[in-house]
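Readers should treat all values here as calculations from the given coordinates under stated rules, not as data from a laboratory. Every value quoted in this text rests on a predicted model; they were computed, and no experiment measured them. Cβ placement follows ideal geometry from the backbone for every residue including glycine, while neighbour counts extend to all protein chains displayed.
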Amino acid sequence: LPPPPKGAPIGRLPDGSFSPYAGSDKFSQLPLSKRTKDGLADGKYSKMTDIQRASLPHSLCGRDILGAAKTGSGKTLAFVIPVLEKLYKARWGPEDGVGCIIMSPTRELAGQLFEVLKSVGKHHGFSAGLLIGGRKDVDAEKERVNELNILVCTPGRLLQHMDETPNFECSQLQVLVLDEADRILDVGFKKELNAIISQLPKHRQTLLFSATQTKSVQDLARLSLKDPEYLSVHEES
Ligand code: ADP
Ligand code: MG
């Protein structure tokens, strides 16, 4: 499957048909590693949802994504798959440290997406950690956080590690994901998010997914998105 042209609409078009760049709706038609394909097959995932079908051909060739689709439309796999593939292609290993940060606005959502990442990514050798506030012992976490390849976190806990964990290092970050991006970009997280972003390398892939399309140019500049693909998937009317 060749990469689609920049800006090519891949999802369902306004008339309900699929764009000629849509290709098949099967995961098996995507250029994925066997490890990811096996993880998807174990989870009985075979057909892509609309947002997955619209975004994966772009995200898998390294483009920044701004994806909007309603709750329950399968946004988690739309970022988990490109994260796994990016690190796999880079031959990311235990010594390479943090290669991906996935941020979620709440502990519950972070916990849920962590489970999806573990299950679909189980044939890969990456280490992943769930860094959320609450009961978990932050000191024990500090010992391990530098050995993790993929961090799934809430903004507050991530910032706490950036501030307090000795030698916390993310200068090699390959992918940044904001799940429920509209909620993270909301004023409530403004200070945390700015402090986090200022410590991340600008040269990276950035994937933003939410239920509503983020339109604030200021927000996008803040995240240094590079010519992102805007993908909006709505229900058929
Ligand atoms: P969202 O983040 O958009 O609210 P989720 O990623 O949580 O949606 O997915 C919603 C549900 O759809 C989950 O139960 C998930 O397992 C299921 N799902 C996601 N992608 C697929 C797929 N390609 N095939 C079948 N089920 C899927
Ligand atoms: Mg979700």
### Task
Quick one: of K70/K226; K37/K142; K86/K122; K75/K118; K86/K142, which pairs are farther than 21 Å apart, Cα to Cα?
K70/K226; K37/K142; K86/K142
### Query
For L178, what charge total do you get from the other residues with a beta carbon under 14 Å from its beta carbon, if Lys and Arg give +1 and Asp and Glu give -1?
-2
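Placing unit charges on C-beta atoms (Lys and Arg positive, Asp and Glu negative, everything else neutral), compute the dipole magnitude of the chain about its Cα centre in debye, rounded to 20.
Charge dipole, the chain, about its Cα centre: 480 debye, nearest 20.
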### Task
Using +1 at the Cβ of each Lys and Arg and -1 at the Cβ of each Asp and Glu in segment 41-159, identify which of S59, S127, L117 lies farthest towards the dipole's positive end.
S59
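For T165, T212, T36, T71, what ranking results if the residue with the fewest other Cβ atoms within 10 Å of its Cβ goes first? Walk me through the intermediate numbers first.
Working: T165 17, T212 13, T36 22, T71 8.
Fewest to most other Cβ atoms nearby, the residues stand as T71, T212, T165, T36.
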#### Entry: Separation between Cα centres of segment 89-161 and segment 27-84, rounded to whole Å
19 Å
### Message
If I fit a long axis through the Cα atoms of helix 107-120 and take the longest principal axis of the Cα atoms of the chain, what angle between them do I get, 0 to 90°, rounded to 10?
### Response
60 degrees
### Task
Relative to the longest principal axis of the C-alpha atoms of the chain, give the angle of the C-alpha long axis of helix 50-59, reported between 0 and 90° and rounded to the nearest 10°.
70 degrees
### Message
Only Cα pairs within less than 10 Å get springs; with that Gaussian network setup on the chain, which residue of S224, S104, S55 has the largest fluctuation?
### Response
S224
### Query
What angle do you read, to the nearest 10 degrees and between 0 and 90, between the alpha-carbon axis of helix 155-164 and the longest principal axis of the chain?
40 degrees
### Message
Tell me the relative contact order for the chain as a rounded percent, counting alpha carbon contacts under 8 Å between residues six or more apart.
### Response
26 percent
### Message
Can you work out the Karplus-derived ³J(HN,Hα) for every residue in segment 218-227? Use 6.51 cos²θ - 1.76 cosθ + 1.60 with θ = phi - 60°, whole Hz, and x for glycine or proline.
### Response
4, 4, 5, 5, 4, 8, 6, 6, 9, 6
#### Entry: Share of alpha-carbon pairs per 5 Å distance bin for the chain, given as whole %
1, 7, 15, 19, 21, 17, 11, 6, 2, 1, 0
### Message
With a 10 Å cut-off between alpha carbons and a GNM built on the chain, which of G121, G93, G72 moves the most?
### Response
G72
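Which FRET efficiency, nearest 0.05, do A221 and D42 yield, Cβ-Cβ r, R0 41 Å? Each step should come with its number before you reach the end.
Details: r = 40 Å, r/R0 = 0.98.
Once rounded, the FRET efficiency stands at 0.55.
Quickly rank 173-180, 153-160 as a protection proxy: mean count of other C-beta atoms within 10 Å, highest first.
Numbers: 173-180: 23.6, 153-160: 21.1.
Result, highest mean first: 173-180, 153-160.
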### Message
I want to make sure I understand the PRE zone here: with the label point 7 angstrom from the Cα of N146 toward its beta carbon, which residues in segment 158-172 have backbone N atoms less than 17 Å away?
### Response
160-172
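So for the chain: antiparallel DSSP bridges make up what percent, rounded to the nearest 5? Write down the numbers at each step before the final one.
Details: 2 of 28 bridges.
The answer is about 5 percent antiparallel.
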### Summary
Amide H neighbours of V177 at under 5 Å, excluding residues fewer than 5 places away on the same chain, with H built from the backbone geometry, are I101, I102, M103, L207
